[in-house]
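Okay, handing you the structure first.
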Amino acid sequence: MEEITTKSHVLVLPFPVQGHINPMVQFSKRLASRGNKVTLITIDSISKSMPMDSNSIKIESIPHDESPPNSIDIFLEWFFALISNNLREIVKKLSDSEYPVKVLVFDSVAPWAIDLAHELGIKGAAFFTQSCSLSAIYYHLDPEISNITLDGSAVSLPSLPLLEKEDLPSFVYDSDSYPSLVRLVFSQNINFKKADWLFFNTFDVLEEVVDWMRTQYPIKTIGPTIPSMYLDKRLKDDKEYGSSLIKPNGETCLKWLDLKENGSVVYVSFGSLASLGEKQMEELAFGLIMSNSYFLWVVRTSEENKLPNEFKSKLSEKGLIVNWSPQLDVLAHKSVGCFFTHCGWNSTLEALSLGVPMVCMPQWTDQPTNAKFISDVWRTGIRVKAGKDSVITREEVASSIKEVMEEEKGVMLKENAIKWKQLAKEAVDEGGSSDKNIEEFLSNL
Ligand code: UDX
């Protein structure tokens, strides 16, 4: 591999939520490990709870007087205005002759950043933290240009499985609940026409649609962005995964797991944003108790008050509740036999890359589509079926866990999961498809 002679300064702008920060920080570490200077741009209220174990990555944090708005619509406008008002100054301040600022790697949900980058004389790379299949769906169904009529029947799109209504991203049918988020997800299509690079946190063989997208745009797969110590032995020093905005109850989780038998625990998590209704929380809680397995359940502080009292008294040795876990360490633990997941894209990739079968209980955005792939394409998991009022009953929770943990189907899911684990590793190993794409990007800077 040709050595790079001139080092670059790369600016990285993630949208400030956990599921976007983790993959973009991991990508930054990879760039920094090749001798480049990397600066992450964020705002004070995020950077103050953002640990960074890498000396080679600096954080440039924008101060703000008022607290970030709670409403998502107002927050989006507020955050993007803060960044765009300060980016010019930041680029000027950080440019030096030894490490010239060459490129802004921006979150694909901020497509306006490309115009700003070009105005400042630097290149712009859009980083998609979602699957390539999802981006293809948004591309084909963009309300501004699409002539596909959505009438509730299955949709057939190039290089994608037939998608029933329940497999499509929630924003396709429900555009009223979160209008600004819906605009945001479709606005990502602007990147295809304007960005100098298009990076996807996925790997070539995982998604058939990657090849189709490549016939349209020069996209590059660079994933999975899982730390070296789990996948790629070259980068042994990389201990922290991404940058966790919530401090995990690491020791409690791992000590508890150490005492359990191999493959006997179900790990349950709904990521950093999803919020279950009270009734659903109750059904899930009693479903976990009814299953024959131990369970480690991440219930964020904001969700804790939904746990039924009767459930807490039944927990005893069978279950452990924590507010946040070191998810990769948990998934990599020998005691974990299954991941009961909301199917966020990072959680999906993490489970695939560590060979853990899944029970899918998608909530919104891209999660139904990810669940479709897990259950029907990669076949590393099963999807729970909703009962009356769209609630997943306790019986359904318990029987789904049983199917994965105890039945023949579970053995097949595990075998497939191990196969994907190997393929993920090959993609990021030296000379693998994702590794080559990153090296090519660096040598082109
Ligand atoms: C969101 C969306 O749901 C997701 O689908 C989208 O693609 C990115 O943004 P989130 O819902 O938080 O993210 O889920 P996910 O994508 O799975 O990201 C959560 C991250 O937090 C993962 O990297 C996971 O490892 C980490 N995590 C989660 C922990 O470290 N500890 C926990 O206890 C739970």
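Could you compute the FRET efficiency for ILE145 and GLU406, with r as their C-beta to C-beta distance and R0 at 60 Å, rounded to 0.05?
Working from the Cβ atoms, E equals 0.80.
Kindly list the residues of region 150-191 that lie in the label zone of GLU208, defined by a backbone N under 18 Å from the point 7 Å along the Cα-to-C-beta vector.
So the set is 154-165, 167-168.
Calculate the length of the line joining the C-alpha centroid of region 376-416 to that of region 165-211, in whole Å.
Centre-to-centre distance over Cα atoms comes out at 27 Å.
What number comes out for accessible area per residue over region 142-238 if the probe is 1.4 Å? Units Å², please.
Each residue of region 142-238 exposes 49 Å² on average to a 1.4 Å probe.
Related question: Toward the positive end of the charge dipole of the chain, about the Cα centre and with charges on Cβ (Lys, Arg +1; Asp, Glu -1), which of MET52, VAL155, GLY319 goes farthest?
MET52
Work out how much length THR301 to ASP258 would gain on full extension: take 0.36 nm times their residue separation and subtract the Cα-Cα distance, in nm to one decimal.
13.0 nm
About the Cα centre, and with charges only on the beta carbon of Lys, Arg (+1) and Asp, Glu (-1), how big is the dipole of region 94-196? Nearest 20 debye, please.
240 debye
While we're looking at this one, here's another question. Say the dipole of the chain comes from +1 at the beta carbon of Lys and Arg and -1 at that of Asp and Glu; which of ILE74, HIS140, LEU354 then lies farthest toward its positive end?
LEU354
In what sequence, highest mean first, do 52-65, 303-316 appear when ranked by Cβ atoms within 10 angstrom?
So the peptides 52-65, 303-316, ranked by packing, come out 52-65, 303-316.
Just grab the label-to-label distance for LYS312 and VAL17, each label 7 Å out from Cα along the Cβ direction, in nm (one decimal).
2.9 nm
Run the dipole for the chain about the Cα centre, Lys and Arg Cβ at +1, Asp and Glu Cβ at -1, nothing else charged, and hand back the magnitude in debye, nearest 20.
Value, rounded to 20: 740 debye.
What's the extension gain from GLN422 to LEU273 if we count 0.36 nm per residue and subtract their Cα-Cα distance? Walk me through the numbers on the way to the answer.
On the way: separation 149, 0.36 × 149 = 53.64 nm, distance 2.98 nm.
Full extension from GLN422 to LEU273 adds 50.7 nm.
Report in % the part of the accessible area of region 250-424 that belongs to carbon and sulfur, leaving out ligands and nucleic acids; probe 1.4 Å.
After summing per-atom areas, the C and S share lands at 49 percent.
Binned at 20 Å from 0, what are the whole-percent values of the Cα-Cα distance distribution for the chain, short to long?
Bins of 20 Å from zero give 25, 59, 16, 0 percent of pairs.
Further question: If you wrap a convex hull around the alpha carbons of region 250-424, what volume per residue comes out, as a whole number of Å³? If you can, show how the numbers build up before the last one.
Numbers: hull volume 18.3 nm³, N = 175.
In region 250-424, the Cα hull volume divided by residue count equals 105 Å³.
Show me 96-103, 7-14 ranked by packing, highest mean number of other Cβ atoms within 10 Å first. Mind dumping the intermediate values first?
Working: 96-103: 14.9, 7-14: 23.2.
Most protected by this proxy first, the peptides run 7-14, 96-103.
For the pair ASN85/THR215, report the inter-label distance in nm, with labels modelled 7 Å from Cα in the Cβ direction.
Once both label points are built, they end up 4.7 nm from each other.
Which value at 222 nm does the chain reach when only helices count, each DSSP H run of 4 or more adding -39,500 (n - 2.57), with the total divided by all residues and rounded to the nearest 500 deg cm²/dmol? Mind showing how you got there, number by number?
Working: 19 runs with 183 residues, N = 445.
When only DSSP H runs of four or more count, the value is -12000 deg cm²/dmol.
For the cross-link pairs LYS312/LYS385; LYS29/LYS165; LYS48/LYS93; LYS193/LYS436; LYS318/LYS385; LYS37/LYS372, which exceed 28 Å when the distance is taken from alpha carbon to alpha carbon?
Result: LYS29/LYS165; LYS37/LYS372 exceed 28 Å.
While we're looking at this one, here's another question. 7 Å from Cα along Cα→Cβ at both GLU251 and ILE72: what's the point-to-point distance in nm?
Here the answer is 3.7 nm between the modelled labels.
Turning to a different aspect of this structure: Taking the Cα centre of region 250-424 as origin, work out the dipole magnitude from +1 charges on Lys and Arg Cβ and -1 charges on Asp and Glu Cβ, in debye rounded to 20.
200 debye
The values are calculated or read from the model by the stated rules, or taken from the named source; none is laboratory data. If you're wondering where the values come from, they're calculated on a predicted model, not measured in any experiment. All Cβ positions, glycine included, derive from the backbone under ideal geometry; neighbour counts span all protein chains shown. To get the accessible areas, we keep the full protein, side chains included, count just its heavy atoms, and leave off ligands, DNA and RNA. Shrake-Rupley method; radii C 1.70, N 1.55, O 1.52, S 1.80 Å.
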